[in-house]
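Trainee: Got a structure for you, written out below as structure tokens; questions coming shortly.
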Amino acid sequence: MKKWTRWILTVFLAAVLVGCGRENPEQEERTYPREAVELIAPAGPGGGYDLTVRAMAQCLQETGLVSVPLPVTNKPGGGGRVCLEYMHEKRGSNDMLVVYSPPLCLINLNGSTALNYRDNTTPIAKLAVDYGCFAVRADSPYQTLNQVMDQLKADPGSVKVGGTSSEYTMDHVQFLKIAHAAGVEALQEIPYEGFENGGVMAQLMGERVDVMSAGISDVLGLVESGDIRVLAVTAPDRLEGDALSQIPTCRDLGIDADFSNWRGIFGPEDMPEEAVEYWGETLCKMAGTKEWAAACDRYGWTVDYQGRDDFCKFLDEVNEEYAQLLDEIW
């Protein structure tokens, strides 16, 4: 009798362990993803979007968090509008992720598109912050950002500004916000041109643009080489690093404003929940790796991870902030 009791107990425990194994995602073969997932940068090669998705892909594969291919596609145009329209066409799919930043909100608020982050994307996670900066050629007559602002106060049309994003989106808006805080009037008269395919640096060095408004990661290599001079960063405090810590913030110069260029990952509208959960878990793990910390340090980014719920709340808050900002500067 005791032998039968032991045998029944052994069979029962084995069944429980097998059942637990089936519920354990570490032991069960995942059903997603099994095929390549496309990572999209809504701008040309070499810019902040491009650097972010490529650094993310490298980190995910170096750490073994993702085993499927992660090809990167550049889809510039309209300050992110072209990519957003592509996402809308692919709604319901599980094979694409897109990196976005403030232009995702701004292109809707400025009337460039009726598509918006609430209805036409699936926010997954915020990864980092890449603060903005204002740079000039090494031989530029402008030694400080205050000199640029003084010139704009005297003649708003006399300083040509270039950026990596389209008119009235991120790089343009961050410059206008700082100029507005510095007391510059007639903001609409300041000439601005966006180079979404990554040509703004050539325009600056070719003297067709006087000041470049961009993310600090866009110019870090040329800062270290001495080819350009960064007049200020839009961070609330000085950035870390030998070169970056020498650059004043706008607040250091008496301009009471800053601008945060957050970067987050989005899926298409109606992305299957299985994919949403998978990427939420995976990106959370990635954000805690030494590989991701090293990538952020290399490009001057600040790690600032937020999961889906907190990220959605954050988007609602900054969207309202951008709406008020456009009302002020438009």
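Trainee: How long, wide and thick is the range 272-330, going by the Cα atoms along their three principal axes, in whole angstroms, largest first?
Mentor: If we take the Cα atoms of the range 272-330, the spans are 41, 34, 14 Å.
Trainee: If you count only protein heavy atoms with a 1.4 Å probe, what accessible area per residue comes out for the range 232-276, rounded to a whole Å²?
Mentor: 41
Trainee: Could you please report the charge total around LEU204, scoring K, R as +1 and D, E as -1 over all other residues with beta-carbon less than 12 angstrom from its beta-carbon? Before the final figure, lay out each step's value.
Mentor: On the way: positive: ARG137, LYS160, ARG208, ARG229; negative: ASP139, GLU193, GLU207, ASP210, ASP218, ASP227.
Its environment carries a net charge of -2.
Trainee: Counting only DSSP beta bridges with both residues in the chain, what percent are antiparallel, rounded to the nearest 5?
Mentor: Around 65 percent of the beta bridges assigned by DSSP in the chain are antiparallel ones.
Trainee: At 1.4 Å probe size, put VAL82, VAL209 in order of accessible surface, largest to smallest.
Mentor: So the residues, ranked largest to smallest area, are VAL82, VAL209.
Trainee: Here is a further query. Once you've got the Cα coordinates, tell me which of LYS126/LYS313; LYS126/LYS160; LYS75/LYS177 are over 22 Å apart.
Mentor: Pairs exceeding 22 Å: LYS126/LYS160; LYS75/LYS177.
Trainee: Contact order normalised by length for the chain, with contacts defined as Cα pairs under 8 Å and 6 or more residues apart; what percent is it?
Mentor: Contact order relative to length: 25 percent.
Trainee: So, counting K/R as plus one and D/E as minus one, what does the shell of residues with Cβ under 10 Å around LEU283 add up to? Let's see the in-between values first.
Mentor: On the way: positive: LYS126, LYS285, ARG308; negative: GLU281.
Result for the neighbourhood of LEU283: +2.
Trainee: Next question, about the same structure. Once you have the Cα-Cα distance between ASP119 and LEU253, take 0.36 nm times their residue separation minus that, and quote the gain in nm to one decimal.
Mentor: Fully extending the segment from ASP119 to LEU253 adds 44.2 nm.
Trainee: Calculate the FRET efficiency for ASP327 and THR31 from the Cβ-Cβ distance with a Förster distance of 41 Å, rounded to the nearest 0.05.
Mentor: Efficiency, rounded to the nearest 0.05: 0.30.
Trainee: With θ taken as phi - 60° and the coefficients 6.51, -1.76 and 1.60, list the Karplus ³J(HN,Hα) couplings across the range 215-231 in order, rounded to whole Hz; mark glycine and proline as x.
Mentor: Coupling constants for the range 215-231: x, 4, 5, 5, 10, 4, x, 6, 5, 5, 7, x, 6, 10, 10, 8, 7 Hz.
Trainee: Apply the Debye scattering formula to the chain, with a single equal point scatterer on each alpha-carbon and no solvent, then give log10 I(q)/I(0) at q = 0.06, 0.14 Å⁻¹.
Mentor: Values returned for q = 0.06, 0.14 Å⁻¹ are -0.25, -1.07.
Trainee: Could you work out the local net charge near GLY215, counting Lys and Arg as +1, Asp and Glu as -1, over the other residues with Cβ closer than 13 Å to its Cβ?
Mentor: After counting each charged neighbour, the total is -3.
Trainee: What whole number of Å gives the distance from the Cα centroid of the range 271-330 to the Cα centroid of the range 67-91?
Mentor: 17
Trainee: If you bin every alpha carbon distance in the range 97-216 into 10 Å steps from zero, what whole percent lands in each bin?
Mentor: Spelled out bin by bin, the range 97-216 gives 13, 42, 31, 12, 2 percent.
Trainee: Kindly sort HIS88, HIS172 by accessible area of their heavy atoms, largest first, with the probe set to 1.4 Å.
Mentor: Largest accessible area first, the list is HIS88, HIS172.
Trainee: Moving to a separate point now. Considering every Cα-Cα pair within the range 123-168, what fraction, in whole percent, is farther apart than 15 Å?
Mentor: Summing the P(r) tail past 15 Å for the range 123-168 gives 61 percent.
The values are calculated or read from the model by the stated rules, or taken from the named source; none is laboratory data. These numbers were taken from a predicted model, which means no experiment stands behind them. Quick reminder, even Gly has a Cβ in these numbers, built from the backbone with ideal geometry, and neighbours come from all protein chains shown. For accessibility, only protein heavy atoms count, side chains too; no ligands or nucleic acids. Shrake-Rupley method; radii C 1.70, N 1.55, O 1.52, S 1.80 Å.
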